[in-house]
Each structure stands twice: as structure tokens, then as C-alpha cells.
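Here you go, one structure.
Each value in this text was obtained by applying a stated rule to the coordinates, not by laboratory testing. A quick note: this is a predicted structure, and the numbers were derived from the prediction, not measured. Positions of Cβ are generated from backbone atoms using ideal geometry, with glycine treated the same way; all protein chains shown enter the neighbour counts.
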Amino acid sequence: MVARIIKVDPFDLIVFGGTGDLAYRKIYPAMFHRYVDGQFTEPFRIVGISRRANTDEEFRDTVRDALKKFGDSGKVPAETVETFLTTLAYVAVDATGASGWSDLQHWLSGAPDRIRAYYLATSPDLFGAIAEGLAHNGLVTPASRIIVEKPIGKDGASANAINDQIGAVFQENQIFRIDHYLGKETVQNLMALRFANILFEPIWDAAHIDHVQITAAESIGVEGRGAYYDNSGAIRDMVQNHLLQLLCLVAMEPPASLDADAVRDEKLKVLKTLAPIDESNASTLTVRGQYRPGASSGAAVPGYLEEVGKPDSTTETFVAIKASVQNWRWAGVPFYLRTGKRLPQRVSEIVVTFRHVPHSIFGANPDDVAENRLVIRLQPDEGIKLWLMIKEPGPGGMRLQHVPLDMSFAKAFEVRTPEAYERLIMDVIRGNATLFMRRDEVEAAWRWIDPIRNAWANSSEAPKPYFAGTWGPNASVALIERDGRTWNEELTS
Ligand code: BG6
């Protein structure tokens with residue numbers, strides 16, 4: 001199958017934090033791949049911005065290295081890489097001061113009507129100052145957009161403050177809040193699966209679904225991001241955004257269209273119907289853990305406290321939560337969420353487990369007929385598995401087997417799966433906000449998360465230890481097994 005490319009209009013992409021980790025690992029490689037696939041219309045330009053002085057040539061050299069490391073540039077003719085690099089420039093701007101803004105004005109002045117995407121790949125503390133600097137220097141045109149990365153704030157109050165600062169300069173439809181999980185192919189496939197098939201929607205409810213599990217497991221530790229991570233922890237880093245967004249896509253009502261606000265209105269309703277978790281119930285509905293020394297891919301690895309050099313840290317590196325969506329469709333259906341670092345493997349998946357058949361004609365033991373299960377694998381090996389009961393072939397009576405209808409996207413479609421950032425940046429240039437978080441969504445997510453964090457902060461219990469390379473604390477297993485259910489055993493087998 002050949003990928004179909006819809007070109008985007010000419011644009012300028014201006015990357016603040018342009019010499020940072022996110023820019024080198026994700027943004028430039030994403031732009032490079034879109035360029036190689038022929039998605040850009042000339043003219044287009046990319047400018048990296050940071051405070052330190054740098055020449056265009058020095059900047060291009062660092063991007064060349066980054067493309068080699070993170071962007072498969074070795075598979076592309078060297079001339080293509082060099083031509084791409086000529087579209088890159090560097091401008092030094094002090095985001096919180098006065099210097100450099102006139103150089104940026106000068107750089108942009110030749111194309112006042114062209115689409116401008118300002119990407120703030122910086123710490124959120126700088127979002128307000130940069131938005132103000134852009135306005136103050138007359139750089140916000142009608143065709144401008146701003147892209148901000150999570151975390152937006154560290155709680156509801158700080159998120160409001162950041163949103164106010166950006167909102168004072170940009171209209172809501174010019175603001176693109178990235179949650180890169182929404183750019184993952186299989187996450188978009190979840191919408192296709194639910195709303196482009198008649199099969200699932202009629203049974204997508206409490207009458208037919210027993211429970212839902214959402215797991216985002218990582219085998220890595222904090223990887224040199226200790227200073228950020230220790231102030232964040234898994235609940236802010238992964239649950240407030242990625243896991244809640246996945247939950248919304250599973251639980252939302254069918255939107256009237258794919259229009260950005262139609263989709264976001266439905267997601268917002270889900271966030272608003274999440275049953276509150278606070279000091280009264282956090283100890284039964286949540287588990288937090290922190291990894292101790294252990295093993296990863298056969299090698300010994302340090303524990304979290306040693307990794308961040310803070311022997312007293314109570315930051316959680318693992319969270320499991322039993323959430324409930326309080327509405328007619330989902331009453332009584334638990335959504336078990338789980339994420340952690342230094343787990344045995346990197347895997348993100350959604351498992352929808354349907355109810356048992358109401359009456360078995362195949363034997364008295366209800367386990368003879370296992371439940372249907374839909375497994376949506378986000379990574380690695382993106383795909384969908386639908387577990388069904390069939391008769392085991394051959395003689396020997398009516399013996400049943402639980403088998404998966406298994407569709408691996410890589411095998412079914414021989415096209416490269418684009419990275420989430422490729423899709424998302426192209427959507428910004430197109431002005432399509434469907435896969436981005438609206439202000440009220442971010443704030444509703446914090447409204448659910450803040451009381452959980454407060455409950456933890458006021459509790460005398462520390463996060464429960466787990467050995468690196470295991471599936472988190474025992475309490476996470478107990479959280480689901482208390483209800484007579486288990487985490488998807490495919491992962492542990
Ligand atoms: C980021 C988190 O948002 O997502 C990281 O800040 C995490 O801590 C990453 O490692 C996981 O993303 P992915 O795409 O590798 O699942």
C-alpha cells in the first residue's frame with residue numbers, strides 16, 4: 001500500500017527551545033520525514049531559537065547529527081538531507097529579555113501572510129513570557145498559531161494561569177496543546193474502530209462490557225530527566241494527559257462529526273463525569289509505587305532514589321487507579337489505569353473485556369467460555385486483537401478455545417508508521433485542532449487529578465516499593481484482583 005500525502009500550505013515553523021532535547025529528538029526528525037515524503041509546499045522554513053549565540057551552520061550540524069540518531073536519515077540520499085538542512089536557520093532570542101526579538105522580526109518580515117507556527121518546546125514557565133514577547137514585537141499575525149507541550153501547569157491553578165497568559169495573546173483556535181498520544185496511529189484507529197464500524201457501538205456499554213484496562217508501561221527509568229520528573233511524578237507526567245485522553249476516547253459518546261469542537265465537547269463530558277477520588281477513597285482506588293534497584297533487559301539498574309540522587313523523594317514512578325465514569329452508558333464499569341517506569345517492557349494498550357455469555361451451554365464452569373476481549377495495542381507492534389471462543393478443530397468432542405483474530409498494522413499495511421509528532425505538526429499547519437486539547441479539557445483533567453494528589457500528600461504512606469523490571473507493587477495486582485479481575489495476562493506470560 002502506498003501512503004497518500006496531502007500537501008500543506010507554505011509555512012514558517014519557529015521552534016523556541018530549538019536546541020533542546022524535544023526539538024532534536026522529535027521535532028526536527030518529524031519535519032525531516034514529512035519533507036522526505038513530499039508533504040511540504042515551497043516555500044517553507046524552520047528556525048531554531050534559543051538564548052545562546054549560534055551560527056546557522058553550527059545549528060545545521062547539530063540537526064544533521066540528530067537526524068542521524070533519531071531520524072533514519074541514513075536511509076535517505078545525503079543530498080536530500082543537505083537540501084532539507086538549508087531550510088533551517090538559527091536566531092538567538094532571550095525569551096525573558098529584550099535581546100534578539102528584532103532579529104526574529106527581521107527573519108520573519110519577508111513573509112507576513114504566511115502560516116506561522118510558534119512551537120514552545122520549552123519549560124512551561126516560559127510560555128507566558130514568550131507569548132507576550134511575540135505580541136509585544138508585533139509577531140502575532142492572523143495566520144499565526146502557537147504549539148505548547150505538556151505539562152500545562154503542575155495543578156489546576158497553575159494551568160489556569162498559563163492558559164490565561166497564552167490566551168491573552170492567541171485566540172483559543174490558534175492554540176494547539178500537544179498530547180502526543182493523540183498523534184499515535186492506533187489512538188486515531190480507536191476512533192475509526194468505534195465510529196466507522198457498526199459492530200462495536202451497539203455493545204459499547206455497561207450491559208456488554210465488564211471492564212476496561214489502559215496500560216502505558218515503560219522499561220526505561222527517568223533517563224536524565226530527574227529534575228523535571230521528581231517534581232512531576234507519574235500522575236502528572238502520564239495520567240493527567242495521556243491516560244485520561246485514552247480513557248476519553250474509549251468512553252466518549254459518538255461526536256456528531258470529526259470537527260475539533262465536536263470531538264472535544266464529547267471528551268470534556270467524560271472528564272466531567274469521572275467519579276471524584278479524594279482523601280475518602282484514594283487508599284482503595286489508587287496505588288502509587290516507586291522503583292527500587294533491579295534489572296532491565298538483563299542488566300542491573302539503580303533504583304529511582306539513586307537515579308535522581310534524592311534519598312528522601314516520595315515521587316511516584318508507578319500509578320494504578322480504578323476510575324469510574326458516572327453516566328448511563330458506563331455505570332458500574334471500572335476503568336483500570338496503570339502506568340510506570342522500569343516495568344518489564346515498553347507497551348501501551350487498551351483492553352476492553354466484554355461480559356460473559358449469560359448462559360453457557362458448554363459446561364457448568366463459567367471459565368469454560370472465556371469473555372470476548374478487544375485489545376488495542378498502541379505500541380510496539382500497533383494492531384488490534386479480538387479474542388473469541390471457537391471450537392478446537394478435530395475430533396474429541398466439543399472443546400473450546402480462546403483465540404485472537406489478530407491484525408498487526410505493520411503486516412497488513414506495508415507503510416511506515418509515522419511518529420505522532422509528524423501527524424500533529426502537520427495538523428497545526430493545516431489548522432486542524434481535533435487531536436489537540438482544548439483549555440477546558442486540560443482544566444477538567446486537573447480538577448480530577450488535584451484531589452488525588454492532595455490525598456497522597458496528606459497521607460502518611462509513602463509510595464509502595466517495587467523492583468525495577470517488575471509490574472509494579474503487589475498492591476496494583478490487589479487493586480484489580482479484589483474485584484475478581486486480572487491485568488491482561490498476555491503481558492506477563
Ligand atoms: C512523555 C513523558 O509525555 O511520554 C515521558 O513525559 C514518557 O516520561 C513519554 O517517557 C512516553 O511516550 P511514548 O510515546 O514513548 O509512550
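Along segment 294-304, what does the Karplus equation 6.51 cos²θ - 1.76 cosθ + 1.60 (θ = phi - 60°) give for ³J(HN,Hα), rounded to whole Hz, x for Gly and Pro?
Whole-Hz 3J(HN,Hα) from phi for segment 294-304: x, 10, 9, 6, x, 10, 5, 10, x, x, 4.
Please give me, ordered by residue number, the trypsin sites (Lys or Arg not before Pro) of segment 297-404 that lie in loop per DSSP and have at most 14 other Cβ atoms within 10 Å.
Here the trypsin sites (Lys or Arg not before Pro) that fit, given the DSSP loop and packing criteria, are Arg346, Arg399.
Under 5 Å between amide H atoms, partner at least 5 residues away or on a different chain: which partners does Ile14 have, H built in plane at 1.01 Å?
Here Val47, Ala117, Tyr118, Tyr119 satisfy the definition.
Something else about it: Using modelled amide H (1.01 Å from N, peptide plane; none on Pro or chain starts), what sits under 5 Å from the amide H of Ala323, excluding residues fewer than 5 places away?
Under 5 Å from the amide H of Ala323: Phe335, Tyr336, Leu337.
Now a separate question. Using a/c under 1.5 as the rounded threshold, could you call segment 435-493 rounded, prolate or oblate? The axes a ≥ b ≥ c are square roots of the C-alpha gyration tensor eigenvalues, and prolate needs a/b larger than b/c, oblate otherwise.
It is oblate, given that a/c is not under 1.5 and a/b is not larger than b/c.
How much FRET efficiency would the formula 1/(1 + (r/R0)^6) give for Glu201 and Thr314, where r is the Cβ-Cβ distance and R0 is 45 Å, rounded to 0.05?
Calculated value: 0.55.
What FRET efficiency would be calculated for the residue pair Glu82, Phe409, taking the C-beta separation as r and a Förster radius of 30 Å, to the nearest 0.05?
0.35
A further question follows. Work out, step by step, the length gained on full extension between Glu489 and Ala457: first 0.36 nm times the residue separation, then minus their alpha carbon distance; give nm to one decimal.
Taking Glu489 through Ala457 to full extension adds about 8.3 nm, to one decimal.
Nearest 5 percent is fine: what portion of the DSSP beta bridges confined to the chain is antiparallel?
55
Now, a different point. Once the dipole of the chain is set up with Lys and Arg at +1 and Asp and Glu at -1 on Cβ about the Cα centre, which of Gly226, Pro380, Tyr291 lies farthest towards its positive end?
Projecting each Cα onto the dipole axis, the largest value belongs to Pro380.
Which GluC sites (Glu not before Pro) in segment 461-491 pass both tests, a DSSP loop state and at most 16 other beta-carbon atoms within 10 Å?
Glu461
Apply the a/c threshold of 1.5 to the C-alpha gyration tensor of segment 229-306 and tell me whether it is rounded, prolate or oblate.
It is prolate, given that a/c is not under 1.5 and a/b is the larger ratio.
With charges set only on the Cβ (+1 for Lys and Arg, -1 for Asp and Glu), what does the dipole of the chain come to about its Cα centre, in debye to the nearest 20?
For the chain, the charge dipole is close to 480 debye.
Still on this structure, please answer the following. Using the structure shown, list the pairs from Lys26/Lys69; Lys184/Lys385; Lys150/Lys464 with a Cα-Cα distance above 21 Å, or answer none.
In this structure, Lys150/Lys464 exceed 21 Å between Cα atoms.
What is the distance, in nm, between label points placed 7 Å from the Cα along the Cα-to-Cβ direction at Arg51 and at Asn231?
For the pair Arg51/Asn231, the computed spacing is 1.4 nm.
Determine which residues of segment 188-202 fall in the zone a paramagnetic label at Trp328 would reach in this model, i.e. backbone nitrogen under 18 Å from the point 7 Å along Cα→Cβ.
Answer for this model: 201-202.
Now a separate question. Hey, can you grab everything whose amide H is under 5 Å from the amide H of Ser144? Only 5+ residues off in sequence or another chain; H modelled, so Pro and N-termini drop out.
Arg116
Quote the charge dipole size of segment 277-390 about the Cα centre in Debye, to the nearest 20; the model charges only the Cβ of Lys and Arg (+1) and of Asp and Glu (-1).
For segment 277-390, the charge dipole is close to 140 debye.
Mind checking which lysines have their C-alpha under 29 Å from Lys391, skipping anything on the same chain fewer than 8 residues away?
Qualifying lysines at Cα under 29 Å: Lys411.
Suppose R0 equals 30 Å; then what is the FRET efficiency for Glu42 and Glu185 from their Cβ-Cβ distance, rounded to the nearest 0.05?
With R0 = 30 Å, the Cβ-Cβ based efficiency is 0.60.
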